[in-house]
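Presented below is the structure to which this report refers.
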Amino acid sequence: MINVTKTYLPDINRYKGYIDKIYGSGQITNNGDFVRELENRLKEYLLVDNIILVSNGTLALQVAYMILGLQKEVITTPFSFVATTSSLVWQGLKPRYVDIDKHTLNIDYRKIESNINSNTSAIVATHVFGNGCEVDKIDGISKRNNIKVIYDAAHCFGVDYLGKSILSYGDISILSFHATKIFHCIEGGALIVNDKRFYNKAREMINFGFDNGKIVELGINAKMNEFQAAMGLCVLEDIDKIINNRRLVYNHYRDSLNKQSICFQLMNKNCSMNYCYFPIILDSEKELLKITSKLLDYDIIPRRYFYPSLNKLPYIDNQSVEISEDISKRILCLPIYESLSESSQDMIISIINNI
Ligand SMILES: *Cc1c(COP(=O)(O)O)cnc(C)c1O
């Protein structure tokens, strides 16, 4: 079976070495040595100063909204993973969807400003499949209208924008370190908080609101534990190999898929790439279903990322967002992971090319 992704598992003896140390110290959570070490390593690797590790990416989003005190309505993208929207609804915020650009698949910044009203408190945008949004344009909109910007950068591990980490844009960016992402901690995530005051507040908020043993504000438990951090430290050692192998897989698809009806995502020229997904956009949902069923015949399992368009979720009131609804019906993510063999990939390519 070839799945859309495969979790990278580092050398088991290396992981065991970390576990032995955890058993030796007896500290398994509460901002332990490995969480602090991973935080420092990630500061260097990602070139960001203000990173806080948490238990998963969804909680990172929820904590971000609390830190910034979002209220009422939030402008967001309908084309993302469900957590981008569900985290808003969970915090009692109302998503207002702005349609996407059909080429980049990111929120269309040209349509944001006309959707801002007196209830709008923020923009929550996703860098879809690691493709950076027009961050300068979005930052300009936020300043002119005095609203916050949060980037769901779950797909953006290691992505730069004009030579600087894309995570340094907006008020807060979040990362996900879930097992399916290119860098993972089994489960995990991070907040990158660009304002020092909010950064200190975030530290307290992810730990019940404690500051030096005293509760100073409302908090939640979003702490990462030592076993998660140990996995992260192991995976980080191999990250260059992981990204390089994914690049080969990515480029092989780009060079070899030759069906007229396939379109590729338009990538932001100012951004570096991390090759986290390989989406193809087809002519119709009918064609997508045909390709999917043919691949399934060979035990190859692609995924419909992202389907449905988030405005169609059962807990969202009626809002129509034409382009997102259309794209979500005919976009398919093909298998891409570090150890995908060339022969398996050739099989996928020939099945698709021969339909
Ligand atoms: C994976 C993902 C999340 C959620 O992260 P978890 O760590 O699984 O909670 C949020 N947004 C996007 C775009 C994602 O792909």
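The values are calculated or read from the model by the stated rules, or taken from the named source; none is laboratory data. The structure presented is a predicted model; accordingly, all values stated were derived computationally and were not measured. Reconstructed Cβ throughout: ideal geometry from the backbone, glycine too, with neighbour counts over all protein chains shown.
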Name every residue in region 93-127 that is over 16 Å from N268 (Cα atoms), small (G, A, S) and not in a helix (DSSP H, G or I), in order of residue number. S118, S121, A122
Of everything in region 128-156 that's of a type in the set (S, T, N, Q) and assigned to a loop (DSSP other than H, G, I, E, B), which residue is farthest from the ligand (Cβ to nearest atom)? N146
Tell me, please, whether a residue that is within 22 Å of the chain's Cα centre (by Cα) and either part of a helix (DSSP H, G or I) or touching a residue at least 24 places away in the same chain (Cβ under 8 Å) (or both) can be found in region 291-301. yes
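Could you run through region 19-54 and say how many residues are in a loop (DSSP other than H, G, I, E, B) and at pLDDT 95 or above?
To start, the set of residues in region 19-54 that are in a loop (DSSP other than H, G, I, E, B) comprises 26-32, 47-50.
Right, trim to at pLDDT 95 or above and you get 26-32, 47-48, 50.
Here the count works out to 10.
Could you tell me whether A83 is touching a Gly at 6+ places or on another chain (Cβ under 6 Å) and in a helix (DSSP H, G or I)?
The answer is no for A83.
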Go through (1) farther than 21 Å from M267 by Cα; (2) within 16 Å of the ligand (Cβ to nearest atom); (3) among the polar types (S, T, N, Q) and name the single condition N194 misses. (2)
Per the filter on region 76-103, residues more than 9 Å from the ligand (Cβ to nearest atom), among the β-branched types (V, I, T) and within 14 Å of I123 (Cβ to Cβ) are T76, T77, T85, V98, I100
Tally of residues being of a type in the set (D, E) and assigned to a strand (DSSP E or B) across region 192-217: 1
Is region 111-121 home to any residue that is within 15 Å of the ligand (Cβ to nearest atom), in contact with a strand residue (DSSP E or B) (Cβ under 7 Å, 6 or more places away or on another chain) and modelled with pLDDT of 95 or more? no
Index of the failed condition, L9 passing every other in (1) in a loop (DSSP other than H, G, I, E, B); (2) under 24 Å from N207 (Cα atoms): (2)
Please find, within region 55-74, the residue that is nearest to the chain's Cα centre (by Cα) out of those that are among the hydroxyl-bearing types (S, T, Y) and part of a helix (DSSP H, G or I). T58
Can you name every residue in region 192-247 that is touching a residue at least 24 places away in the same chain (Cβ under 8 Å), closer than 30 Å to P279 by Cα and polar (S, T, N, Q)? Q228, N245
Return a yes/no flag: does region 203-223 have any residue that is within 16 Å of the ligand (Cβ to nearest atom), in contact with a Phe, Trp or Tyr (Cβ under 8 Å, 6 or more places away or on another chain) and of a type in the set (D, E). no
Meets criteria (more than 25 Å from D11 (Cα to Cα), at pLDDT 95 or above, away from the ligand (no atom under 14 Å from the Cβ) and surrounded by 14 or more Cβ atoms within 10 Å (Cβ to Cβ)) for F227: no
Any residue at all in region 337-355 that is under 24 Å from the mean Cα position of the chain (by Cα) and β-branched (V, I, T)? no
On the given criteria, is I186 within 15 Å of the ligand (Cβ to nearest atom) and not in a loop (DSSP other than H, G, I, E, B)? no
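Go through L332, L288 for me and flag whichever is within 22 Å of H103 (Cα to Cα), in contact (Cβ under 8 Å) with a residue 24 or more places away in the chain and either in a strand (DSSP E or B) or in contact with a Ser or Thr (Cβ under 6 Å, 6 or more places away or on another chain) (or both).
Values: L288 fails: either in a strand (DSSP E or B) or in contact with a Ser or Thr (Cβ under 6 Å, 6 or more places away or on another chain) (or both).
Answer to the selection: L332.
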Somewhere in region 157-173, is a residue of a type in the set (D, E), in contact (Cβ under 8 Å) with a residue 24 or more places away in the chain and assigned to a helix (DSSP H, G or I)? no
